[in-house]
Amino acid sequence: MSETKSSNAMWGGRFADGPDAIMEAINASIGFDQRMARQDIEGSRAHAAMLAATGILTDSDAEVIREGLLTVLSEIEGGTFAFSTALEDIHMNVEARLKELVGEPAGRLHTGRSRNDQVATDFRLWVRDQLDAMDAGITALMKVFVAQAEAGPDMVMPGFTHLQTAQPVTWGHHMLAYVEMLGRDLSRVRDARARMNESPLGAAALAGTGFPIDRDMTADALGFDRPAANSLDAVADRDFALEFLSCCSICAMHLSRFAEELVIWSSAQFRFVTISDRFSTGSSIMPQKKNPDAAELLRAKIGRITGALMSLLMVMKGLPLTYSKDMQEDKEQVFDAADSMMLSLAAMTGMVADLRPNPEPLRAAAAAGFSTATDLADWLVREAGMPFREAHHVTGALVKMAEDKDCDLPDLTLADMQSVHEDITDDVYSVLTVEASVASRRSYGGTSPERVREQIARWKEVLG
Ligand code: ARG
């Protein structure tokens, strides 16, 4: 049998016995929700000011409470605050300390609210801060990708499908593909922020309150656009956290794709890029090794981030309205996902800023694998008036011939070419270089240096 304590000072009125120690352990959230201390105190200060403005509290009580809360905050931020598990969570820890500091008025703070709207408010404010941090982090990463694009609008590299050489592309174009992805991540973050910015405060336990509170005033003080319109929904909703996690999951998926490319590209077999020493590690046994650990960790972070999304979806699934204690399980994984996301964005930003593309191996790989075969087929369509399907067939025969002779397409002689199709002329060689290939891809959104420069200019304008 574990120990039982005397009844809880905050809600123990109807209890003869205190909770079992195990009950206390499963019930307490203070071990993690102390991360919302600042938001909790901000919310309480706004609530106290509103209670005074509406005449529910005296001005002097509200002032004492608001000042006392600042003292509590400085104790927490200064690391001198003694958190108590018996007081369950951040809300009751703060209030209990306020009582010690200011006495009787502290007991009036909880008028017209409940921990249910309080925790919903705190968590929303916390997640909103994270969305803002993510907005800044994504923007910074986009800028370094644009800078990378600028370093090589005409640097040629292989473009892949199925990780097989497909057609030559430009380094700048590849970098800008990530800018597009991150641009969508950014717009998702901004959408989520706009949608979540409603105040639950004043929904009280679930039904609203009989006190003449002013919800617009607290919403305004906390930077919300408006109070949430339905008190039941206000305390039961965790969509904002789910949307944040889904923004994180998609963004982490994008980072994992570039991370994987970096792992491949930095290998001795590819040598497409050099990752800086600052973002690599060595091996304790193999002196020659330089490992892309940061990239590998970035490739892996999506696991825990998406795990958090799945976890919260499972917690919320099937919960009857309104608040249930299940919802205390909403926080830890969101905290972990947020930390992982911000660290990932910072690490990727540092790594991309330092990254050096290696033009020679990139060009050599771009020219290998018959990468200009499509250009040859297109030439046959344009210059010999062939239907594309036939041109595809003729080109296939030429690729086969080059393969048999163990050479590249531009190494075939004109006589070789004409033995496959008599209409081929010397002019065909002009389209078989990788430079000619990328330069010809001038369609909007294409890889030509010209189009890439336009997109770089556009993004620089957007990102400021
Ligand atoms: N610690 C709780 C949580 O995180 C606060 C809300 C408690 N509300 C309640 N009715 N017991 O969810």
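The values are calculated or read from the model by the stated rules, or taken from the named source; none is laboratory data. It should be emphasised that the depicted structure is a prediction, and the values quoted were computed from it without experimental measurement. Cβ: placed from backbone, ideal geometry, glycine included. Neighbour counts: every protein chain shown. Surface areas here come from the heavy atoms of the whole protein model, side chains and all, with no ligands, DNA or RNA. Shrake-Rupley method; radii C 1.70, N 1.55, O 1.52, S 1.80 Å.
For segment 332-341, just list the computed ³J(HN,Hα) in residue order, Karplus coefficients 6.51, -1.76 and 1.60, θ = phi - 60°, integers in Hz, with x standing in for Gly and Pro.
Residue by residue, segment 332-341 yields 3, 6, 5, 4, 5, 5, 5, 4, 5, 5 Hz.
Just to be sure I understand the model, the point goes 7 Å from the Cα along the line to the Cβ. What's the resulting Glu100 to Lys460 distance in nm?
For Glu100 paired with Lys460, the spin-label model returns 5.8 nm.
Within the chain, what's the longest stretch lacking chymotrypsin sites (Phe, Trp or Tyr not before Pro) that sit in DSSP loops with no more than 13 other Cβ atoms inside 10 Å?
By the stated rule (loop sites, at most 13 other Cβ atoms within 10 Å), 16-443.
Residue separation times 0.36 nm, minus the C-alpha to C-alpha distance between Ala205 and Arg184: what's the value?
Going from the current span to full extension adds 3.8 nm.
Sum -39500 (n - 2.57) across every DSSP H segment of at least 4 residues in the chain, then divide by the residue count to get the 222 nm mean residue ellipticity, nearest 500. Let's see the in-between values first.
Working: 18 runs with 278 residues, N = 464.
Per the formula, -19500 deg cm²/dmol.
So for Cys251, Cys407, what's the accessible-area order with a 1.4 Å probe, most first?
Cys407, Cys251
Which value, in Å², gives the accessible area per residue of the chain when a 1.4 Å probe is used on the protein heavy atoms?
46 Å²
List the residues whose amide H sits under 5 Å from the amide H of Val169, counting only those 5 or more places along or on another chain, with H placed 1.01 Å from N in the peptide plane.
For Val169, the qualifying residues are Met157, Gly159.
Give the residue list of GluC sites (Glu not before Pro) in segment 136-240 that are DSSP loop and have at most 15 other beta-carbon atoms within 10 angstrom.
In loop regions of segment 136-240 (DSSP not H, G, I, E or B), there are no sparsely surrounded GluC sites (Glu not before Pro).
Determine how large the accessible area of Ile26 is when every protein chain is in place; take a 1.4 Å probe and give Å² rounded to the nearest 10.
We get 130 Å² for Ile26.
Does segment 1-87 come out rounded, prolate or oblate by the C-alpha gyration tensor, with a ≥ b ≥ c the root eigenvalues, rounded set by a/c under 1.5 and, if not, prolate when a/b is larger than b/c and oblate if not? Intermediate values should be presented prior to the final figure.
Values: a/c = 2.92, a/b = 1.66, b/c = 1.77.
Here segment 1-87 falls in the oblate category.
Quick one: length gained pulling Ile264 to Leu319 fully straight, 0.36 nm per residue minus the C-alpha distance? Walk me through the numbers on the way to the answer.
Values: separation 55, 0.36 × 55 = 19.80 nm, distance 4.45 nm.
Once the chain is fully extended between Ile264 and Leu319, it gains 15.3 nm.
Please calculate the 1.4 Å probe accessible area of Arg190, with all protein chains present, and give it to the nearest 10 Å².
Using a 1.4 Å probe on the heavy atoms, I get roughly 120 Å².
Step through the residues of segment 98-110 one at a time and calculate ³J(HN,Hα) from phi using the Karplus curve (6.51 cos²θ - 1.76 cosθ + 1.60, θ = phi - 60°), rounding each to whole Hz and writing x for Gly and Pro.
Per residue, the Karplus-derived 3J(HN,Hα) values read 4, 4, 4, 7, 10, x, 3, x, 4, x, 8, 4, 7 Hz.
In nm, give the distance between the simple-model label positions of Arg442 and Arg356, each being 7 Å from the Cα along the Cα-to-Cβ direction.
Each label point is offset 7 Å from its Cα along the Cβ direction, giving 3.5 nm.
For Lys400, list the aspartates and glutamates whose Cα falls under 14 Å from its own Cα; do not include residues on the same chain fewer than 8 positions away.
Qualifying aspartates and glutamates at Cα under 14 Å: Asp408, Asp411, Asp416.
Mind checking which lysines have their C-alpha under 23 Å from Lys317, skipping anything on the same chain fewer than 8 residues away?
Straight-distance partners of Lys317: Lys325, Lys331.
Along the Cα→Cβ direction, 7 angstrom out, place labels at Thr413 and Glu332. What is the inter-label distance in nm?
About 7.5 nm separates the two model spin labels.
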